[in-house]
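Novice: The structure that follows is given in the form of structure tokens.
All of the numbers you see were taken from the coordinates with simple rules; none came from a lab. Computed from a prediction, not measured in an experiment: that's the story for all the values here. Cβ placement follows ideal geometry from the backbone for every residue including glycine, while neighbour counts extend to all protein chains displayed.
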Amino acid sequence: MYGRTGLEKVAQLPLYEGVARSKHACEEALRERIPTLSRYGIGVGFVCGHLVDGTATKTLFERFDPTLITKVAATAQGGKLPITSDVAHAVAELINHEFSSGETVFVGGQDVP
């Protein structure tokens, strides 16, 4: 979600800024290649997750600031962080339905502190 949600910029937690910037650069590079890939019948979809429970990122955030997870979880859909199987389900759903190349599916909501 780095850089935008729709057209709005999404700020990141300072300790995650470098990671977010790198992931966003990769996403933009893939998006630039969509027209070329489409000529070969290849579609590109994106799954964008909130902070996901059960990941190393969440563990590192907890070690950095134990109160941070509660604050971040409050911004997730339903006030609860998604779990890894939620992300897996979103990937499977994207693969198993006709998606528009460039489509983004959000897991856990689009609001990130």
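Novice: Taking the Cα atoms of the chain alone, what are Rg (to one decimal) and Dmax (as a whole number) in Å?
Specialist: 15.0, 48
Novice: Let me ask something else. Calculate how large, on average over all directions, the projected area of the Cα convex hull of the range 14-57 is; give the answer in nm² to one decimal. List each step's numbers first, then the result.
Specialist: Values: hull surface 15.6 nm².
Its Cα hull, projected and averaged over all orientations, spans 3.9 nm².
Novice: While we're here: Any chance you could give the angle, 0 to 90 degrees and rounded to 10, that helix 84-96 forms with the longest Cα principal axis of the chain?
Specialist: Approximately 10 degrees, to the nearest 10.
Novice: Using Cα pairs under 8 angstrom and six or more residues apart, how large is the relative contact order of the chain, in percent?
Specialist: On the way: 132 pairs, mean separation 39.0, N = 113.
Contact order relative to length: 35 percent.
Novice: Ok, one more. To the nearest 10 degrees, how steep is helix 17-32 against the longest Cα principal axis of the chain, on a 0 to 90 scale?
Specialist: In the chain, helix 17-32 runs at an angle near 10 degrees to the longest axis.
Novice: I need the GluC sites (Glu not before Pro) found in the range 16-113, filtered to DSSP loop residues with at most 10 other beta carbons within 10 Å of theirs. Intermediate values should be presented prior to the final figure.
Specialist: Numbers: sites: E17, E27, E28, E32, E62, E93, E98, E103; in loops: E98, E103.
Passing sites in the range 16-113 are E98.
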